[in-house]
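A quick write-up on the structure given underneath.
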There are 2 protein chains.
Amino acid sequence: MKQIRLFKADFFKTLSNPIRIAIIDSLRNGELGVNDLAAVVEADQAYISQQLSILKAKNLVKFRKEGNFVYYSITDQDIFILLDEALRIAKKQLTTLQDSLK
Amino acid sequence: MKQIRLFKADFFKTLSNPIRIAIIDSLRNGELGVNDLAAVVEADQAYISQQLSILKAKNLVKFRKEGNFVYYSITDQDIFILLDEALRIAKKQLTTLQDSLK
DNA sequence: AATGTATATAACTATATTATTATATTATAC
DNA sequence: GTATAATATAATAATATAGTTATATACATT
């Protein structure tokens, strides 16, 4: 039980950083190189690399090397179900909150 | 776009703490008082209160007061869809990882 | 071999989070 | 009103994370 909670919390922690969310979102339509990601996500190359290595460690992304380039992609597309569901719930709660303020 | 990412990341951050996960999970079957939660979750009362106030601020739990007691409950049951889906995905990835080690 | 480009890692500072302890608040019971 | 119980808040130390800068590695091209 305690183990499972640690495990869940740790999983969510991986998703709790805006740059990591941006990286995952950017990979929705397929693989991208590190520099492309840095451009799309608008963050430093070094920081992107650091976050990619966290996502890699948590098995959320995979990569393939091609010459000088490293292309990253999503390990399991189901992660987008989670992201979309989270957004839906969060939005719903926000709406409820707004309504209650009227 | 950036706003939405910050929003999502922030939402996941709320779920990235094992005590907060434990609190939410403990409220699956209905409301509980703070002391009950402290007992179930096996954490200090003060720490439970702190985490409850974070969950309250993020609108994930609501409460009602009855005399000396404060009973907390889940704002939107859909949060369990998210928790269960997260666990499913994480488990799946773990299984894939284990298989690939054979 | 020397240079350039893509990516990764290391070192580091600032800030945030965790978890504990002490104390305050609020309501009840006597 | 005083003591007691439930909960909340404040203060704080330890640790983790964020984000920047500098440097290293690895491959490609000339």
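The values are calculated or read from the model by the stated rules, or taken from the named source; none is laboratory data. Worth saying up front: this structure is predicted, and the values here are computed from it rather than measured. Please note: Cβ atoms are built from the backbone with ideal geometry, for glycine as well, and neighbour counts cover all protein chains shown. Side chains included, ligands, DNA and RNA excluded: accessible areas come from the protein's heavy atoms. Shrake-Rupley method; radii C 1.70, N 1.55, O 1.52, S 1.80 Å.
Per residue, the convex hull spanned by the Cα atoms of the protein assembly as shown measures out at 135 cubic angstrom. Nonpolar atom fraction for the range B:2-75, defined as the carbon and sulfur part of the 1.4 Å probe accessible area, stands at 51 percent. Take the Cα of A:D36, go 7 Å toward its beta carbon, and the backbone nitrogen atoms of the range A:70-93 under 18 Å from that spot belong to A:70-77. Other protein chain C-beta atoms within 10 Å of residue C-beta, averaged over B:74-81: 3.
Between helix B:45-57 and chain B there is an angle of about 70 degrees, using the helix long axis and the longest principal axis of the Cα atoms.
A cut-off under 10 angstrom between Cβ atoms defines the neighbours of B:I24, and their net charge, with Lys, Arg +1 and Asp, Glu -1, is +3. Using every pair of separate Cα atoms, the Kirkwood estimate puts the hydrodynamic radius of chain B at 15.1 angstrom. Per-residue accessible area (protein heavy atoms, 1.4 Å probe) orders A:R5, B:R88 as B:R88, A:R5, starting from the largest. In the range B:52-95, Cα pairs under 8 Å separated by at least six residues give a relative contact order of 24 percent.
Measuring between their Cα centroids, the range B:19-83 and the range A:37-102 lie 28 Å from each other. Applying 1/(1 + (r/R0)^6) with R0 = 30 Å to the Cβ-Cβ distance of B:D78 and A:I54 gives a FRET efficiency near 0.60.
Residues B:F63, B:F69, ordered by accessible area of protein heavy atoms at a 1.4 angstrom probe radius and largest first, appear as B:F69, B:F63. Once the 1.4 Å probe is applied to the protein heavy atoms, the protein assembly as shown comes out at 55 Å² accessible per residue.
Annotation for the B:A interface, with buried accessible surface near 3600 Å², both sides summed [1.4 Å probe; non-protein components not counted]. At an R0 of 41 angstrom, the distance between the Cβ atoms of B:F63 and B:D99 translates into a FRET efficiency of 0.40. Between the Cα long axis of helix A:2-14 and the first principal axis of chain A there is an angle of about 70°, rounded to the nearest 10. Entry note, the protein assembly as shown: the mean residue ellipticity at 222 nm calculated from DSSP H runs of n ≥ 4, each adding -39500 (n - 2.57), is -20000 deg cm²/dmol after division by the residues and rounding to the nearest 500.
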